[in-house]
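I have placed the structure first, in the form of structure tokens, so that the comments after it can refer back to it.
Values quoted throughout were computed directly from the atomic coordinates according to the rules given, and no laboratory measurement underlies them. This structure is a prediction, so every number in the text was calculated from the model and none was measured. FYI the Cβ positions are ideal-geometry reconstructions off the backbone, even for glycines, and counts take in every protein chain you see.
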Amino acid sequence: MYIIVVGGGTMGRHIAAALPEHEVTVIELNPDKAKRIADEMDVKVVVGNASRLYIMKKAEFERADAVVAVTNNDEVNMFISLYAIKKGKKAVARVHESEFIEVFNDLGIENIISPEQRAAMDISKKLVWT
């Protein structure tokens, strides 16, 4: 399976590392982060803004089976996920602001992750149940 991970932060790197049996390309906006990823991992790295079509072309978007959008920008993650779905690809999107979860769902982006919301729920459970 060919997977594009958009966002080379902590989460993006962890996701790429968790997929050793797949071909992975990471798109990262920050050149220093991109170089670090390229030096440390066996993945293709494309430097640039993934919301630009020429960057997606460099990442070979057309042949991707899945796209994981985990940037720090909900709007970028939304755009990339919608584009991937429109092109018939599986999409997973990170959502930072809980108010966006309903919007993502309304737009048909069903595979969402919200680490901040999940962490808040886990912490509140520990406070109540311990």
Please give the helix 31-40 orientation as an angle from the longest Cα principal axis of the chain, in degrees from 0 to 90, rounded to the nearest 10. 90
In terms of modelled amide H atoms, which long-range or inter-chain residues lie less than 5 Å from the amide H of Val5? Thr25, Val26, Ile27, Val68
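List, in the order given, every pair from Lys33/Lys126; Lys35/Lys90; Lys90/Lys126; Lys44/Lys125; Lys44/Lys87 whose Cα-Cα distance in the structure shown is over 32 Å. Write down the numbers at each step before the final one.
Details: Lys33/Lys126 35 Å; Lys35/Lys90 27 Å; Lys90/Lys126 34 Å; Lys44/Lys125 40 Å; Lys44/Lys87 22 Å.
The answer is Lys33/Lys126; Lys90/Lys126; Lys44/Lys125.
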Taking θ = phi - 60°, what integer Hz values does the Karplus form 6.51 cos²θ - 1.76 cosθ + 1.60 yield along region 18-30, in sequence order, with x for Gly and Pro? 7, 10, x, 8, 10, 8, 10, 10, 10, 9, 10, 6, 7
Degrees between helix 115-129 axis and first principal axis of the chain (Cα, 0 to 90, nearest 10): 30
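May I ask you to order 17-23, 121-127 by the average number of other C-beta atoms within 10 Å around their residues, highest value first? List each step's numbers first, then the result.
Working: 17-23: 12.1, 121-127: 9.7.
Final packing ranking: 17-23, 121-127.
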With a 10 Å radius around each residue's Cβ, average the other Cβ atoms per peptide and rank 24-32, 107-115, highest first. 24-32, 107-115
